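As C-alpha cells, the structure follows; a few thoughts come after it.
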Amino acid sequence: MKKLLIACLLAGLTTGAYAQDKKESDEKKAPVFTTVKENKITSIKDQNRSGTCWAYSTLSFLESEILKATGKTYNLCEMFIANKDYMDRAIVTVRMHGDSQFSQGGSFSDVVTIMKKHGICPEEAMPAPGTLTGDSLAVFDEFFGVMEPYVYSIAKSKAKKISQQWRKGLQGILDAYLGECPEKFVYEGKEYTPKSFAESLGINLDDYVSITSFTHHPFYTQFAIEVQDNWRWAPSYNVPMDEMMAIIDNAINEGYTIAWGGDVTEDGFTRQGLGIAYDVKKARSMAGTDADKWFKLSATEKRGKLDSLGVDAPEIVPTQEMRQEAFDNWETTDDHGMHLYGIAKDKNGNQYYMVKNSWGEYGNYKGIWYMSKNYVAYKTMNFMVNKNAIPKDIRKKLGI
C-alpha cells in the first residue's frame, strides 16, 4: 500500500510536470498580436459553471461605457440581474403554459431592461457568486436542478386556475442561491437604492441598440431574432453584413466597445484564445494530409491539425448568403456573449478583434480572445452598441 502510494505520488508529480511543460510550450507557440486600437475595459471575471455570459458580457460592456463617460471604474453585480431576470422569465413561461423556454441563458436586452426596471448594485452589495452554496464561484447545477422543475410544474399544471403564491416560492429559491437583492446599500460612503445607483452611473440606457444582419427580414428594419434566449422578443436593427462590420470598426476606432453575441462552437474558436473561420478544404493540404487520410482522422485529430496552423490557417471569406444559410441550418447558434473592445493584427498583418471573455484568466492570453474579422462577420448573431458609435450614414438609414 505504501509503495503504491509513493508510485502514485511520483506519477502525479511527473504528470503535473508534463502538463506544466506542455502549457508553457503551448504558450510559447501562441501567436503574437500587435495592438492597433484598444479601448478601456474592467477586470476579467469568471462566470464559472453558470449560463450567465449574457449578464457578464453586458455588464462588462456597460462598465466600459461608464469608464468612457465618467472615468470611474465599477464592478456591477451579475447576480442582481440574474435574480430579477429569472423571475421575469418564469412569469412569461407560466403565462405561456411552458411553451416559452425557461433556462439559464439570456440576452443583452435582458440586462438593460432589468436596470431600467429595478436598477443595479455593485458586486459587494450581494453575496459573492457561489458562496451561498460553499463554492468560490457560481455553480448553477443544483440551483437550476431545483428551480427549473419548480417553474415547469406550475407552467404545465392541469389546474383550471393557479394562485400567485408560486412567485413567493420561486423568490425564495432565487434568494437562497443568488442572494437577496438589497433595497438599500452604502457605496463609497453614500446610501443608494438600486434605482438611484443606476441613475448615478453617468450613462443613458436608452442609448443602446442591438444590430444584426440576416436576409429573412428586410434591411433597415427591426425584428426579433428567432432564438430561444431572446424570450423578451427584443428587436435588433437589420443591416447588410458589410455595414454590420463597419459599425464594429467605427465604434472601436471612436473609443467605444461592443457587447457581442454569437457562435463559439466552431472548431476555429479554440480554447486557447483564437477565433478563426477555418477553410477546411484549404487547411487539409496545408496540414500535410491528403484527402483520403484526412477523412480517416478523428474530429479531435482534425482539430489538432487545424489548431497547429494557428494564424496561418486559411479562412473562408464569408458572404451574406453564407451567414443566412448557417443560421437557417443551425450551424450558427446563439452560444455565448463576450465583450469586444479592440483591434489587433497578427504576424501576417491580418486584423482581429480583441475580446474579453468571462471564463476567468483562461487560455494563452489570460481571458482575452482574438477573433478574426472573417470569424466575426460569419458567426455574429447580434451585438449591442451605443447608437452614437454607429456611422451617421447608417444611422440615417435606420432612422436612429
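The values are calculated or read from the model by the stated rules, or taken from the named source; none is laboratory data. Only a predicted model underlies this, so the values are computations on that prediction, with no experimental measurement involved. Positions of Cβ are generated from backbone atoms using ideal geometry, with glycine treated the same way; all protein chains shown enter the neighbour counts. Note: areas computed on protein heavy atoms with side chains; ligands, DNA, RNA excluded. Shrake-Rupley method; radii C 1.70, N 1.55, O 1.52, S 1.80 Å.
Which of the residues belonging to segment 59-75 are surrounded by 24 or more Cβ atoms within 10 Å (Cβ to Cβ) and closer than 19 Å to residue 130 by Cα?
Passing the criteria: only 59.
When you scan segment 241-258, do you find a residue that is in a strand (DSSP E or B), crowded, with 21+ Cβ neighbours inside 10 Å and in contact with a strand residue (DSSP E or B) (Cβ under 9 Å, 6 or more places away or on another chain), even just one?
Of segment 241-258, the ones in a strand (DSSP E or B) are 258.
In the following step, the residues that additionally are crowded, with 21+ Cβ neighbours inside 10 Å were identified as 258.
Then keep just the ones that are in contact with a strand residue (DSSP E or B) (Cβ under 9 Å, 6 or more places away or on another chain); that gives 258.
Yes, there is a match, as at least one residue in segment 241-258 is in a strand (DSSP E or B), crowded, with 21+ Cβ neighbours inside 10 Å and in contact with a strand residue (DSSP E or B) (Cβ under 9 Å, 6 or more places away or on another chain).
Restricting attention to segment 59-75, report how many residues are without any contact (Cβ under 8 Å) to a residue 40 or more places away in the chain and either closer than 17 Å to residue 258 by Cβ or assigned to a helix (DSSP H, G or I) (or both). Steps first, answer last, please.
So the first thing to find is which residues in segment 59-75 are without any contact (Cβ under 8 Å) to a residue 40 or more places away in the chain, and the list is 63, 67, 71, 73.
Pick out the ones that are also either closer than 17 Å to residue 258 by Cβ or assigned to a helix (DSSP H, G or I) (or both) and you get 63, 67.
Adding up the residues that qualify gives 2.
Any residue at all in segment 43-58 that's in contact with a Cys (Cβ under 7 Å, 6 or more places away or on another chain), buried (at least 17 other Cβ atoms within 10 Å of the Cβ) and assigned to a helix (DSSP H, G or I)?
No, every residue in segment 43-58 fails to be in contact with a Cys (Cβ under 7 Å, 6 or more places away or on another chain), buried (at least 17 other Cβ atoms within 10 Å of the Cβ) and assigned to a helix (DSSP H, G or I).
Among the residues of segment 150-176 satisfying the criterion of being over 17 Å from residue 140 (Cβ atoms) and of a type in the set (Ser, Thr, Tyr), which is nearest to the chain's Cα centre (by Cα)?
Per the criteria, the residue is 153.
List pairs: first residue in segment 288-306 and more than 20 Å from residue 271 (Cα to Cα), second residue modelled with pLDDT of 65 or more and outside any loop (DSSP other than H, G, I, E, B) anywhere in the structure, Cβ distance under 8 angstrom, at least six positions apart or on different chains.
Listed by first residue and then by second, the contacts come to 289/305; 290/284; 291/284; 294/284; 294/302; 297/305.
Kindly provide the set of residues from segment 209-240 that are outside any loop (DSSP other than H, G, I, E, B), of a type in the set (Gly, Ala, Ser) and in contact (Cβ under 8 Å) with a residue 24 or more places away in the chain, ordered by number. Spell out the reasoning first.
Narrowing segment 209-240 to residues outside any loop (DSSP other than H, G, I, E, B): 209-212, 222-224, 235-238.
Then keep just the ones that are of a type in the set (Gly, Ala, Ser); that gives 210, 224, 236.
210, 236, listed by residue number.
Tell me, which residue of segment 277-302 that is modelled with pLDDT of 75 or more and not aliphatic (A, V, I, L, M) is most open to solvent (accessible area, probe 1.4 Å)?
The selected residue is 281.
Take the residues in segment 76-100 that are outside any loop (DSSP other than H, G, I, E, B) and more than 23 Å from residue 183 (Cα to Cα); name whichever of them is most open to solvent (accessible area, probe 1.4 Å).
We begin by selecting, within segment 76-100, every residue outside any loop (DSSP other than H, G, I, E, B); these are 76, 78-95.
Still in the running and more than 23 Å from residue 183 (Cα to Cα): 92-95.
On the way: 92: 36, 93: 0, 94: 19, 95: 169 Å².
Restricting to residues being outside any loop (DSSP other than H, G, I, E, B) and more than 23 Å from residue 183 (Cα to Cα), the top hit is 95.
Would you say residue 312 is at pLDDT 75 or above and touching a Ser or Thr at 6+ places or on another chain (Cβ under 6 Å)?
Values: at pLDDT 75 or above: yes; touching a Ser or Thr at 6+ places or on another chain (Cβ under 6 Å): no.
It is false that residue 312 is at pLDDT 75 or above and touching a Ser or Thr at 6+ places or on another chain (Cβ under 6 Å).
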